[in-house]
Every structure is written in structure tokens, then in C-alpha cells.
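**Student:** Before I ask anything, let me first share the structure, which is written out below as C-alpha cells.
Bear in mind that the values in this text are calculations on the coordinates, not laboratory data. Given the structure is predicted, the values throughout are model-derived calculations rather than measurements. We place every Cβ from the backbone using ideal geometry, glycine too, and count neighbours over all the protein chains shown.
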Amino acid sequence: MLAIDAAAYRSPWRHRHPGDKAVLAFGLLGAAVALPPWPGAVIVGAVALGLLLGPARVPARQVWRSGRAPLGFAITGVLPLLVSVGGPGGFVTATPGGPRDAALVLARTVAAGLALLLFAFTTPLAEALPRLTRLGVPAPVVEVASLTYRMVFTLLDTAGQIRRAQAGRLGYASRRAALRSLAGIAGALFTQAFARAQRLQHGLTGRGYAGSLPVLADGARIDGRFVSLSAALVAAVVAVTLAVGA
Amino acid sequence: MHIAEGFLPPIHAAAWTVAAAPFVVHGARALTRQVREKPEGLLLLGAAGAFSFVLSALKIPSVTGSSSHPTGTGLGAILFRPPVMAVLGTITLVFQALLLAHGGLTTLGANAFSMAVAGPWAGYAVYLLARRLGGSLGTGAFLGAFAADLSTYCVTSVQLALAHPDPRTGFAGALAEYGAVFAVTQVWLAIAEGLLTLLVVRLLAQSSRAELVNLGVDVPAVKEAKA
């Protein structure tokens, strides 16, 4: 199982309605992106991190492990803000105000990333997907997404097993060998994915399958108190940001 | 190359969502029509989505000594066609955002435009052109995957340069800067993904010929596939 999804199933907020957590996390996400990065991103980032480590009880190490890849992209992505290539000053020159701009973009990215993690770490995807039809996503698309979700884990497991077997036979000893081994994994996954889908289809056809695999969703209801408190928290973040930034 | 959550200003995030929407909606309609006509095809589409996701989670050794992930858009476009890839690619991006924290929801439109629209269409066009000019399945797959990867990288660089233009040299300067920064890994990655796709389709032409033919891929006779 993937680390974020596994943590979502262990979350104390796991049985809350996805809508509750969407109001809180996506409210903070919207604030992180829409408000001026200083001080908005800093406040949103602090609140999201506090919620992750506090009420949502996500270990700090797990937040770091999940956040470091997008942080790597963000750091690489802000490097061009620090220098100018060409222009009258020379081939490569420091951009005036570059470090400030880079810091603001980095702060906004970190804050928005933490808000997204707040939703991901508390909401199993399997519980959010069936509810997408209510947001206007066509039912067949939701069905494909749900099937994809169910098949992803067995395929990831298969890929891991093949990779370990290949590594034990020096399949990754050189770049050339690694490419051959990866092609072997992709080929085997394609064959297995389609063979499994066909077996599943045969089995379901015998049980009257008509293009839909309904499953019981968690019967959680929207918690008005949680939603009100979330909306109030987001409103407070916006108000404090505008007051401090004024 | 996923643009991280929050990296784009809100107006750019919204604009790229609007730009990607017609392609994704068109793909969703095509998929819905396909499923209504052939309900059993739903399971194959689910398998295709899972295959795309797992393919994008594989690690290709990078020139910088670390590793990168293939986009899988070239192979996906050759196997499932660009309209379906617009939907499968977007689903994969949502999964990557919520299961791996790669990309994001506010940047979903921009990432979908580069990885689920531009990449597959460019890759499929180059693949078709190569085949019509007499290229083998392997050559077409290599060129298609290379073009898909490179166009994804170029579109992402344009998106970043538009969002963060250089104060002195403007959009052109920023495009050169982003292009240079990401070229270190992305050009090698495009070549590596092209080679990987070539090996995969050669393997599939031998082991899963019937499935490829069912998907509408023009597979050569067994003798040519072994060459």
C-alpha cells in the first residue's frame, strides 16, 4: 500500500465525511494560493502543519518524506528567479529582488503542499472517489478511476516483486541492464493488467455485471460543527493575513 | 515533470485548467460513449489506468546520478489513443497528487495540459508520421515516446516561464532559464523513455500481439517484430 493512503486509513479523521475535510484542507489550499504569500503562506503553512501534526496525528517524518519530492521541484523551480540570462548587464546576472521573489514562491508552494497533504493524509481515496459523481464527474469516468484505484495496488506489488527478482540477478548493474529490466517490468505489467481485467470481466459477467461495481461507501454524514469550525479557521487565516499585510 | 502544488499564481492555474478542459471533456465523452456501447470495456480501461499509473511510478536512472520517472504518455497514446489518454492521464495526475504528493490540485490543469494533452498528442502524431513514412513499430514507438516526453518538458517550461517571467528579459529569458535548468534531466529522460518504450513494444509485439491488435495498434508480422 502507498504510504499516504495507508496513513489515511489510520487517521483519526478517517471516518469523517470527505466533504468535512475538503472544506478545511481546500479552504486552506485556496487561501495559500490566493492570498499574498507574505504573510499568507507562512500563516497557512503553520496552520496546516499544526493540524497535520496535531489533531490529524501524522508523524513529522512521514510529512517530510511525502513533502520532500515536491519541495525538490520547488527549489529547482525557483532557481531561475535568482538569475537573469542575457540582457544589458551581462550573460548571467543576479536578478534584483530575485531572492525575495524566490522565497515568496517557495513559501506559497510549501503552504499549498501542506494543505494538500492535510486532505491526502486524512482521506482514503476509495472514500472520496464514489462521491465525485455528485460534483458532476461522469459516472463512467468515476468508475474507471475506482477500477484503476483497485488495480493499482496489485500491479505495484507485482512490479516490486519483479524488480526484486531482477535486482537479485544483477538486472540493475548497469544503465543498459536497468533499461532492459524496466522494459521487462512494463511488458509483464501490461500483460498481467489485461489478463486480470479479462478474468475479472469473465467472473463478473457470470454474476450479471452491467458496467457498474457499486460498493458500500462509509455512511459518514457531513458534520455541521466541523464544517463551521473549518470555515471559521479559514476565515480567521484570511483576516489575520489581510490585517498583518495591510 | 509535475508542477508542484501552489507553484503557479491563481490566474495561471485557472487559465491552464480552462485550456485543458475541452480535451479532458472530449476524452470523457469518448470514454462514456465507449463504455455505453461496450460495458465490458470498462475493466480494460481501469487496467489501462492502473498500468499508466504504475508505469509513471517506475524509476529510470537519471544522468545526474539520481532517478526520474517516465511520463508513460507516449506509450499510453500509442496503445489507447490521445483522447482516452486525456482522461486516463488526468486520473493518473489526481492519483499522483493525492497518493504520492506529486503535482497538485491547483496545478492539475497545467499538468494535465502538458502531460495528458500536449504529450500524448505530440507523441501520437510523431508515431503516426514515422509509421506512415515506413518506420517500424519500434522506431515509431521510440520517436513517439521521445516526442511526447520532450513536448511535455517544453510545455511545462513555457508554463513556468509565463508564470514567472524574468524582470529583465521577460518571457523569453525565463523560458531559456527554465529550459536550461530542466534540460539536464529531461533530455536524457526523453531519450531513456524512448528506448524504454521501444523495448516495451518489441516485447509486447511478441508476447501480447492479440491485445495490441485489439487496441488497434498496427503490429507487424512476427518475423519483423523479432528483427
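**Student:** If packing is taken as the average number of other Cβ atoms within 10 Å across a peptide's residues, how do A:220-226, A:34-40 rank, most packed first?
**Tutor:** A:34-40, A:220-226
**Student:** Here's a follow-up. Would you be so kind as to identify which of A:151, A:162, A:172 lies farthest towards the positive end of the dipole of segment A:132-179, taking Lys and Arg as +1 and Asp and Glu as -1 on Cβ and the Cα centre as origin?
**Tutor:** Toward the positive end, the furthest listed residue is A:172.
**Student:** On full extension of the chain, what length is gained from residue A:195 through residue A:165, given 0.36 nm per residue of separation minus the C-alpha to C-alpha distance?
**Tutor:** That pair, residue A:195 and residue A:165, stretches by 8.7 nm at full extension.
**Student:** Separate question: Can you compute 3J(HN,Hα) from phi for each residue in segment A:28-36, using the Karplus curve 6.51 cos²θ - 1.76 cosθ + 1.60 with θ = phi - 60°, rounded to whole Hz and x for Gly and Pro?
**Tutor:** Per-residue couplings from phi come out as 5, 4, x, 5, 4, 7, 8, 7, x Hz.
**Student:** Let me ask something additional. Averaged across the residues of B:19-28, what count of C-beta atoms belonging to other chains lies within 10 Å of each residue's C-beta?
**Tutor:** Shielding by partners across B:19-28 averages 1.
**Student:** Over segment A:137-206, how many percent of alpha carbon pairs lie in each 5 Å bin up to the one with the longest distance?
**Tutor:** For segment A:137-206, the pair-distance distribution reads 3, 15, 19, 20, 14, 11, 8, 6, 3, 1.
**Student:** Next up: Under 5 Å between amide hydrogens, which residues at least 5 positions from residue A:83 or on another chain qualify, with H placed 1.01 Å from N in the peptide plane?
**Tutor:** A:95
**Student:** Once you have the alpha carbon radius of gyration of chain A, what is it after dividing by 2.2 N^0.38 Å, with N set to its residue count?
**Tutor:** Ratio of Rg to 2.2 N^0.38 Å for chain A: 1.29.
**Student:** To the nearest whole number, what is the average tally of beta carbon atoms from other chains within 10 Å of the beta carbons of peptide B:100-111?
**Tutor:** Other-chain Cβ atoms within 10 Å of each residue's Cβ, averaged: 5.
**Student:** Roughly how far apart, in whole Å, are the Cα centres of segment A:158-174 and segment A:1-63?
**Tutor:** So the two Cα centres are separated by 36 Å.
**Student:** Where the Cα atoms of segment A:1-92 are projected onto their three principal axes, how long is each span, largest first, in whole Å?
**Tutor:** Between the extreme Cα coordinates on each principal axis of segment A:1-92 lie 60, 30, 19 Å.
**Student:** Moving on. Only Cα pairs under 8 Å and at least 6 apart count here; give the relative contact order of chain A as a rounded whole percent.
**Tutor:** 34 percent
**Student:** To continue, here is another question. Short version: ³J(HN,Hα) in whole Hz for each residue of segment B:78-91, in order, from phi by Karplus 6.51 cos²θ - 1.76 cosθ + 1.60 (θ = phi - 60°), x for Gly and Pro, what are they?
**Tutor:** Working through the residues one at a time gives 5, 7, 10, 6, x, x, 5, 5, 4, 7, 4, x, 5, 4 Hz.
**Student:** Per-residue HN-Hα couplings for segment B:164-176, Karplus 6.51 cos²θ - 1.76 cosθ + 1.60 at θ = phi - 60°, whole Hz, x for Gly and Pro?
**Tutor:** 10, x, 6, x, 9, 9, x, 4, 4, x, 5, 5, 5
**Student:** Count, for each residue of A:148-157, the Cβ atoms from other chains sitting within 10 Å of its Cβ, then give me the mean as a whole number.
**Tutor:** 6
**Student:** Please say if segment A:117-246 is rounded, prolate or oblate, where rounded means a/c under 1.5 for a ≥ b ≥ c the square roots of the C-alpha gyration tensor eigenvalues, and otherwise the choice is prolate for a/b larger than b/c and oblate otherwise?
**Tutor:** oblate
**Student:** Now, a different point. Could you tell me the distance between the Cα centroids of segment A:129-157 and segment B:75-101, to the nearest Å?
**Tutor:** Using only Cα atoms to place each centre, the spacing works out to 12 Å.
**Student:** Which number do you get for Rg(Cα) / (2.2 N^0.38 Å) in chain B?
**Tutor:** 1.02
**Student:** Further question on the same structure: Give me B:5, A:143 ranked fewest to most by other Cβ atoms within 10 Å of their Cβ, as a rough exposure proxy.
**Tutor:** A:143, B:5
**Student:** What are the residues whose amide H is under 5 Å from the amide H of residue B:60, where those residues sit 5 or more places off or on another chain and H is modelled from the backbone?
**Tutor:** B:68, B:69
**Student:** Sort B:16, A:64 by Cβ crowding within 10 Å, fewest neighbours at the top.
**Tutor:** In order of increasing Cβ crowding within 10 Å: A:64, B:16.
**Student:** Ranked highest first by the average count of other Cβ atoms within 10 Å around their residues, in what order do B:121-130, A:90-99 fall?
**Tutor:** B:121-130, A:90-99
**Student:** Related question: For A:117, A:156, what's the fewest-to-most ordering of other Cβ within 10 Å of each Cβ?
**Tutor:** Taking fewest neighbouring Cβ atoms as first place, the list is A:156, A:117.
**Student:** Among B:162, B:110, B:7, which residue has its Cα furthest toward the positive end of the charge dipole of chain B, with +1 on Lys/Arg Cβ and -1 on Asp/Glu Cβ?
**Tutor:** B:110
**Student:** To continue, here is another question. Give me, ordered by chain and number, the residues 5 or more places off residue B:103 or on other chains with an amide H under 5 Å from its own placed amide H.
**Tutor:** B:5
**Student:** How big is the C-alpha Rg of the protein assembly as shown next to the rule-of-thumb value 2.2 N^0.38 Å, as a ratio?
**Tutor:** Taking the Cα Rg and dividing by 2.2 N^0.38 Å, one obtains 0.99.
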